[in-house]
Amino acid sequence: MIHQNGKQKLNRRSPHRTALLRNQVIHLITYGTLVTTKARVKEVQRFAEKLVTIARVGNEFNARRRALSMLPYKQEALLKLFNEIAPRYLNRPGGYTRTIPMGRRATDTAVIARLEWVD
């Protein structure tokens, strides 16, 4: 039983799942949109919104350290998060991203969705 566990496993072991989510958040930050399966979008959305909440504080040492520990791969993505994305949401209490359903994939009929930043 998986009671009181908020995360989905996505059919991966923990290190692979962490790396997958980090890479997809980097893609979302870099390009502004992400198209993947609905289950992955929901997990990436949780991860990205936590990062934006941390980055909204501003260019403080502790906020940068926390964000870097969650997203250690790309400094460019962190710079864009702190300089461009987080300042847009200073007056917004949450809900920085939106999910748009895009139907089913033709090959395996997986439910596809697009994740993008709210303007």
To the nearest 20 debye, what charge dipole does the chain have about its Cα centre, counting +1 at the Cβ of each Lys and Arg and -1 at the Cβ of each Asp and Glu?
420
Distance in nm between pseudo-label sites at residue 50 and residue 38 (7 Å out along the Cβ direction from Cα)
2.4
Per residue, the convex hull enclosing the Cα atoms of the chain spans a volume in Å³ of 127
From the residues 106, 93, 83, which one has its Cα farthest along the dipole of the range 75-119 in the positive direction, the dipole being from +1 and -1 charges on Cβ of Lys/Arg and Asp/Glu about the Cα centre?
106
For the chain, with +1 on Lys and Arg beta carbons and -1 on Asp and Glu, the positive-most of 55, 68, 11 along the dipole:
11
Can you pull the accessible area of residue 76 for me, 1.4 Å probe, Å² to the nearest 10?
130
When the accessible area of the chain is computed with all protein chains present and a 1.4 Å probe, what percentage of it is carbon and sulfur?
51
Using mean Cβ contacts within 10 Å as the protection proxy, how do 28-39, 4-15, 89-100 order, highest first?
28-39, 89-100, 4-15
Measuring from centroid to centroid over Cα atoms, what is the spacing of the range 65-109 and the range 33-59 in Å?
4
Calculate one ³J(HN,Hα) per residue across the range 89-99 by plugging θ = phi - 60° into the Karplus curve 6.51 cos²θ - 1.76 cosθ + 1.60, and present them in order as whole Hz with x for glycine and proline.
10, 5, 9, 9, x, x, x, 8, 10, 10, 10
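The values are calculated or read from the model by the stated rules, or taken from the named source; none is laboratory data. All of these numbers come straight from a predicted model, not from anything done at the bench. Positions of Cβ are backbone-derived with ideal geometry, glycine not excepted, and every protein chain shown enters the neighbour counts. Only protein heavy atoms, including side chains, enter the accessible area calculation; ligands, DNA and RNA are left aside. Shrake-Rupley method; radii C 1.70, N 1.55, O 1.52, S 1.80 Å.
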